[in-house]
1. If I go through the range 122-140 residue by residue, how many of them are free of Cβ contacts under 8 Å to residues at least 12 places away in the same chain and either touching a Gly at 6+ places or on another chain (Cβ under 9 Å) or under 21 Å from F18 (Cβ atoms) (or both)?
2. The conditions are (1) part of a helix (DSSP H, G or I); (2) surrounded by fewer than 16 Cβ atoms within 10 Å (Cβ to Cβ); (3) not basic (K, R), and E130 fails exactly one of them. Which is it?
3. Do any residues in the range 107-121 that are more than 24 Å from P30 (Cα to Cα) have Cβ atoms under 6 Å from those of residues that are among the acidic types (D, E) and assigned to a strand (DSSP E or B), where the two are at least six apart or on different chains, and which pairs are they?
4. When you go through I109, I97 one by one, which is the residue that is over 16 Å from R34 (Cα atoms) and hydrophobic (A, V, I, L, M, F, W, C)?
5. Can you name every residue in the range 66-92 that is part of a loop (DSSP other than H, G, I, E, B), over 16 Å from the mean Cα position of the chain (by Cα) and modelled with pLDDT of 90 or more?
6. Quick one: in the range 26-49, which of the residues that are assigned to a strand (DSSP E or B) and at pLDDT 95 or above is farthest from the chain's Cα centre (by Cα)?
7. Can you tell me which of (1) at pLDDT below 85; (2) part of a loop (DSSP other than H, G, I, E, B); (3) surrounded by 14 or more Cβ atoms within 10 Å (Cβ to Cβ); (4) not charged (D, E, K, R) is the one A58 doesn't meet?
8. What do you reckon, is L197 touching a strand residue (DSSP E or B) at 6+ places or on another chain (Cβ under 9 Å) and either surrounded by 18 or more Cβ atoms within 10 Å (Cβ to Cβ) or assigned by TED's automatic domain parsing to the domain that holds S79 (or both)?
Amino acid sequence: MENLTEIALFPIPDMVAFPGATVPLHVFEPRYRRMINECVDSGRLLGVCHTRKTIRTAPTQQSVEQALSSNQATYQPQSVFSAGECRVQQTLDDGRILVTIHMSARYRIISQQQTLPYVTALCEPVADVEMGQMELDSAQQLKGRIIKRLLAIVQDAGDQVPVEELQSHWGALSSAAFSFSVFELVRFDPDLMQTILEITNPVERLQTIADVIQAA
């Protein structure tokens, strides 16, 4: 099949990443340290996935040395996730790796390629549907409503958020990009965020976000 990319998968419970985000990770398991190094060396994309279920639980009552020398829990990843290039920020003396991943796009798993020592899968890009002028107008109106509501929430909470800078940043984004960028400031239930990640109509995505924050 055309347009398929082999991506290394890092399943993390409750972790939903959106395109445009930069995700920091602290990697200590041997299999995932190997995955990081191989992704950096080869240029392979790395996907961070919310999980469907636990396949194997982590050992209990471990020392730090044991945790660093053995694999922990194993999870079944969600089929839609964000992925991007991995960059090592620091390798610690005990082998742990601090990395960042800039999420460039969404992908959907088509088929697994390998399971050991870590999972890779052939994946297809997940793109938004094209919008007509009426939908573009609706998306822009929803974006304005969401920005107004979010700024009111952070101001009421007394959070030290640079409101003018945030408003300028969001205002410069397309409605579709804004619907992902909003999660730099707010977090929803992970399963709800996974649902939003999978929506390919920006109007529907923005409406879902608007409904949640309106009730906040």
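The values are calculated or read from the model by the stated rules, or taken from the named source; none is laboratory data. These numbers were taken from a predicted model, which means no experiment stands behind them. So basically every Cβ, Gly included, is an ideal-geometry build from the backbone, and we count neighbours across all protein chains shown.
1. Here the count works out to 1.
2. (1)
3. Between residues of the range 107-121 that are more than 24 Å from P30 (Cα to Cα) and residues that are among the acidic types (D, E) and assigned to a strand (DSSP E or B), the close pairs are R108/E124; I110/E124.
4. When all the criteria are applied, what remains is I109.
5. L92
6. L46
7. (3)
8. Judged against the criteria, L197 is a match.
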